[in-house]
Structure formats: structure tokens, C-alpha cells
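Chemist: One structure, as C-alpha cells, below. Some questions next.
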Amino acid sequence: MDLPTLWAFILAFAVFAYVVLDGFDLGIGILFPALQRGSERDQAMNSVAPVWDGNETWLVMGGGGLLAAFPLAYAIILPALYAPIIAMLLALIFRGVAFEFRWRDPAHQKFWDVSFAGGSVLAAFAQGVALGALLQGITVEGREYAGGWWDWLSPFSLLTGVSVVIGYALLGSTWLIMKTESTLQERAFRFAGLAGIGTIACIVAVSAATPFLEEAYYERWFAWPRVLFVAQVPLLVALVAAGLAFSLRRRHERLPFLLSLALFALSILGLGISVFPDVVPGRIGIHEAAAPEASLIFMLIGASILIPIILVYTGYSYWIFRGKVGHEGYH
Amino acid sequence: MGPAGFVAVIAGWVTTEVGRQPYTVYSLLRTADSVSPLDAPAVASSLVAFVVVYFAVFSLGAWYILRLMAHAPMTAEPGLEAGDAPIRTAGITPAPALDPDRAIGSDVEGR
């Protein structure tokens, strides 16, 4: 495997880690309006409070890694996705401060609840829109983005936006099943059932639309004999979906969350099949966009030291805060 | 002397930014060659949005800090072992977890 390919996999891992980890804590924000004021909302927020900002590490790593490893792709993608990315950042501010202000200022708790839920929904939606805008193909001339500032908006990008909100709600509700008890857990089981059905419907819709966006995507899914290998992905999605339905019905506490993670892993694998070996889908390949070899090696040394450290302390903090969240006070 | 630090930091920042013009990377890349291919309204609206959001959030934060400072100091500050709530390691004192009376607005709406 050459260096640009290796970096493409490292960044794909960062994106996966970001999507599932920040996905479940954004999902808590998306479910927030449906939870009862008081104990239910307190517990839900406390269940992610110790880990949510660590989860956003991977967003920084994905963005920083794209700039460093594939500077040409960064220079083209960021202007193309300018509006959804700015919207996401602004939304993350409102949601982030709500973690503190909501507890410091009980008199205005309603306001901070709106800030938390609204920020979470908007951030998730903007991420989905960005994904859709990237997949549907962006206008490139030479080595520059050449489209307008509203190009990201299309029926397909709205579909992916809604899909990510629903998918994160599934991650959030299965997380709550794992972390809570009694009435809140019962409610989370109901949400997980609904969000699970919604997520599967969204995966089907996005998967059905994607091959027809670009000739190359179609080839990568249906060319013979490649189709024999890549067809395993939708089959696995069907199996995992069945397992999720079964585990929810049998009231498993951990399995639904793990199967939801698997669903996201398969979705990202599917995206990879559509896009690889491009980094600007349908426009620019990873080798064309890659930084000089010396830079990639230099960064690889840094990444091979830092990523294990990040994984260890992240694992440690999840271990410390394992188990049910309990009812007591401020996180 | 309080604001002098801010003035110094901002003056230093302005000096570096103005001083390296017309280059982004000194003597290698000109500012005119390094601008993003973004439409002016996109940049303008994002700038306005950031200014509005930052002013709103920082104003609220400053207001909370002033409210907290208006409380008289506690005579017997409880130690961390006073509560068994998990605390954050980021150095934020979880005061309301230890003593609900210290939350802003606890006098308005008891928790």
C-alpha cells in the first residue's frame, strides 16, 4: 500500500470515529425535546457530558489530516461546502455551551435546552448536507472550486441531511438504552425502534440514489466481477438490521448500540466503495491531491505516536464512566 | 492596567498581519494568490453570523461571571469530597453539584 492510500484509510478511520462517537452525543441532543424535563433530560445529558468534547477530537483530526495529506482536496472541498460547514460550527457552539450554562443557570434552563437541541439537530443536518453535496459532485476547474455558494443545496443533499439526523438519533437512543434504567430506558427502546426503521429507510434511499449520481459510482458497484464482492455490503446491512430489530425486541442493553455502530461502519464502507480512489468524488484522485512524500512520511510518524495515545486515553475515559449514569447532579 | 494585556496581544496580532502584506507566506505566496474561490456574500454572511454569535455567547458568559462574582464569598468552602458527583478534570469547579444554592437563579427557582 502506498502512502496516499494509507493516508486515505487513516482519514477514513478518523471520519468513522467522528461520525459514530459525536454521532451518539449529537443524537442525545436530537432526542432531547422528546425527553421529559427534569430527571430524564439531566440523565441523558450527564450520560454524554464526560465524553462529548473528546469525541470531537476526530473532527479536528479529519479536517487537519485532510489539509495536511491532501491539500488540493482541502482547497477544493472547503469552499464547496462553505455554508454547511460554517452552519455546523455555529451550531456546535450553541450545543457546547449548553452543557455548562444549563446547569449553572437553572432559571433559564428552557432556553439552554433549546440551544442544546437546536444546535445538535442543525450540526447533524449540516454534516449530512455536506456529505450529500460532496457525493453529488462539485464543480472543479483546473485546481480550483468553480461553483457558486449555494451549489450544496439539492434534493439529494437534503435527503442525506435528514438521514444523518435520523441515524444519529438511532445512535443516541441505543446509547441511552445502554446507559440508563427504568422509564428513560423504556422510552429509549421506543425511540430506537422508530429511529432504526427510519435509519434503514434512509440507508436504502441514499444507496439507491448514489450509483446514479456519477458514472464512476455505478461502475464501482455493478461492474463484473466486482459486484460479487461489493454486494456483500448490502447483505450485511440487511443482517445487521435484522439483528438490531431482534435485539430491541429481546430488550438487550448493549447489543443495539453495537449493531448501530456496525450499521454506520457498513454505511461508511459503502461510501468508500462509491468514492475510492477519489478524494474529491468523481473529480480528483488521492494520488493527484496528495502532499509530497516527505510530508506524508513526516505526518505518518506523528500520527503513529499520537493516534495510539488518543485511543488509550479515550478508552480510559469511557472505562472510568462505564455503567449506568445514575441520577445525581452536575456532570 | 487590566485591559493592557488585551491591547498588547491585539496590537501584536495586527502588527504581524499588516506587516507581512502583501504576502501570506512571506516572499513566497502573495495574499492575492491565496484567497479562496468564495463568493463575497458567502464570506460576508458568515462573518456577520460569527460576530453575532460570539457577541451573544461572550456577553452571556460575562454576565454569568459578574453574577457569580456578586455573591459574597463562602465562609466555609466545601472540599471536593463533600459531594460524590463525578467532577470534570478540566478545572471547572462543579459548584452547583456540591451546593445547589450557588447556582445562578437558585434564588429564583429552587432546584
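Chemist: Can you compute the FRET efficiency between A:ALA34 and B:PHE50 using 1/(1 + (r/R0)^6), with r the Cβ-Cβ distance and R0 = 25 Å? Round to the nearest 0.05.
Modeler: 0.20
Chemist: If the only charges are +1 at each Lys and Arg Cβ and -1 at each Asp and Glu Cβ, what is the size of the charge dipole of the stretch A:1-136 around the Cα centre, to the nearest 20 debye?
Modeler: Its charge dipole is roughly 280 debye.
Chemist: Let me ask something additional. With each pseudo-label sitting 7 Å past Cα toward Cβ, what's the B:TYR23-B:ALA62 distance in nm, one decimal?
Modeler: About 3.7 nm separates the two model spin labels.
Chemist: On to the next question. Assign one of three labels to the stretch A:248-331, namely rounded, prolate or oblate, based on the Cα gyration tensor with a ≥ b ≥ c the square roots of its eigenvalues; rounded applies when a/c is under 1.5, prolate when it is not and a/b is larger than b/c, and oblate otherwise.
Modeler: oblate
Chemist: Specify the residue with the greatest mean-square fluctuation among A:SER317, A:SER173, A:SER274, computed from a Gaussian network of chain A linking alpha-carbon atoms under 10 Å apart.
Modeler: With Cα springs under 10 Å in chain A, the top fluctuation among A:SER317, A:SER173, A:SER274 is at A:SER317.
Chemist: Enter the buried accessible area of the B/A pair, total of both sides, probe 1.4 Å, in Å² rounded to the nearest 100.
Modeler: 2800
Chemist: Give the angle, between 0 and 90 degrees and rounded to the nearest 10, that separates the Cα long axis of helix A:155-179 from the longest principal axis of the Cα atoms of chain A.
Modeler: 40
Chemist: Tell me the Rg and the Dmax, in Å, that the Cα atoms of the protein assembly as shown produce.
Modeler: 23.8, 78
Chemist: Right, here's the next one. Nearest 500 deg cm²/dmol is fine: what mean residue ellipticity at 222 nm does chain A get from its DSSP H runs of n ≥ 4 alone, each adding -39,500 (n - 2.57), divided by its residue count?
Modeler: Value at 222 nm, helices only, nearest 500: -25500 deg cm²/dmol.
Chemist: Kindly tabulate the residues in the stretch A:78-95 with an accessible-area decrease of at least 30 Å² between the chain alone and the assembly of all protein chains, using a probe of 1.4 Å.
Modeler: A:PRO79, A:TYR82, A:ILE86, A:LEU90, A:ILE93, A:PHE94
Chemist: How large is ³J(HN,Hα), in whole Hz, for each residue of the stretch A:104-109 in order, when computed from phi with the Karplus curve 6.51 cos²θ - 1.76 cosθ + 1.60 and θ = phi - 60°, using x for Gly and Pro?
Modeler: Values per residue, Gly and Pro as x: 6, 9, x, 5, 10, 4 Hz.
Chemist: Shifting gears a bit: How far, in degrees from 0 to 90, does helix A:255-275 lean away from the longest principal axis of the Cα atoms of chain A, to the nearest 10?
Modeler: Approximately 20 degrees, to the nearest 10.
Chemist: May I pose another question? Taking chain A as a Gaussian network, where each spring joins two C-alpha atoms under 10 Å apart, which residue of A:ALA208, A:ALA83, A:ALA192 fluctuates the most?
Modeler: Its mean-square fluctuation being the largest, the pick is A:ALA208.
Chemist: Please build a GNM for chain A, connecting alpha carbons under 10 Å apart, and tell me which residue among A:PHE116, A:PHE321, A:PHE276 fluctuates the most.
Modeler: The residue that fluctuates most here is A:PHE321.
Chemist: How far apart, in nanometres, would the label points at A:ILE310 and A:ARG251 be if each is projected 7 angstrom from Cα along the Cα-to-Cβ direction?
Modeler: Between A:ILE310 and A:ARG251, the label points sit 4.0 nm apart.
Chemist: Under the Karplus relation 6.51 cos²θ - 1.76 cosθ + 1.60, θ = phi - 60°, what is the ordered set of whole-Hz ³J(HN,Hα) values for the stretch A:55-62, x standing for Gly and Pro?
Modeler: Calculated HN-Hα couplings, in order: 4, 7, 3, 6, 5, 5, 5, x Hz.
Chemist: Along the Cα→Cβ direction, 7 angstrom out, place labels at A:ALA294 and A:ILE273. What is the inter-label distance in nm?
Modeler: 4.1
Chemist: Positive end of the dipole of the protein assembly as shown, charges at C-beta (+1 Lys, Arg; -1 Asp, Glu), about the Cα centre: which of A:LEU306, A:PHE125, B:LEU60 has its Cα farthest in that direction?
Modeler: It is A:PHE125.
Chemist: Give me the number: length gained by fully extending A:ALA146 to A:ILE197, i.e. 0.36 nm times residue separation minus the C-alpha to C-alpha distance, one decimal in nm.
Modeler: 14.5 nm
Chemist: I've got another one for you. Summarise the partner chain shielding of A:190-196 as one whole number: the mean count of Cβ atoms from other chains within 10 Å of each residue's Cβ.
Modeler: 0
Chemist: When Cβ neighbours within 10 Å are restricted to other protein chains, what is their mean count per residue of peptide A:97-106?
Modeler: Taking the mean over all residues of the peptide, I get 5.
Chemist: Could I ask something else about it? Can you list residues from other chains, or at least 5 along the same chain, whose modelled amide H is less than 5 Å from the amide H of A:VAL140?
Modeler: For A:VAL140, the qualifying residues are A:ALA146.
Chemist: Want the number for A:GLU186 to A:PHE229: 0.36 nm per residue separation, take away the alpha-carbon distance, what's left?
Modeler: 11.6 nm
Chemist: In terms of solvent-accessible area of protein heavy atoms at a 1.4 angstrom probe, what is the ranking of A:TYR168, B:TYR54, highest value first?
Modeler: B:TYR54, A:TYR168
Chemist: Once phi is turned into θ = phi - 60°, what whole-Hz ³J(HN,Hα) does the Karplus curve with 6.51, -1.76 and 1.60 give for every residue of the stretch A:205-218, x standing for Gly and Pro?
Modeler: These are the phi-based 3J(HN,Hα) values: 5, 5, 5, 6, 7, 4, x, 9, 6, 9, 3, 4, 4, 4 Hz.
The values are calculated or read from the model by the stated rules, or taken from the named source; none is laboratory data. Given the structure is predicted, the values throughout are model-derived calculations rather than measurements. In this analysis, Cβ positions are derived from the backbone assuming ideal geometry, glycine residues included, and neighbour counts consider all displayed protein chains. Keep in mind that these areas ignore ligands, DNA and RNA; they rest on the heavy atoms of the full protein, side chains included. Shrake-Rupley method; radii C 1.70, N 1.55, O 1.52, S 1.80 Å.
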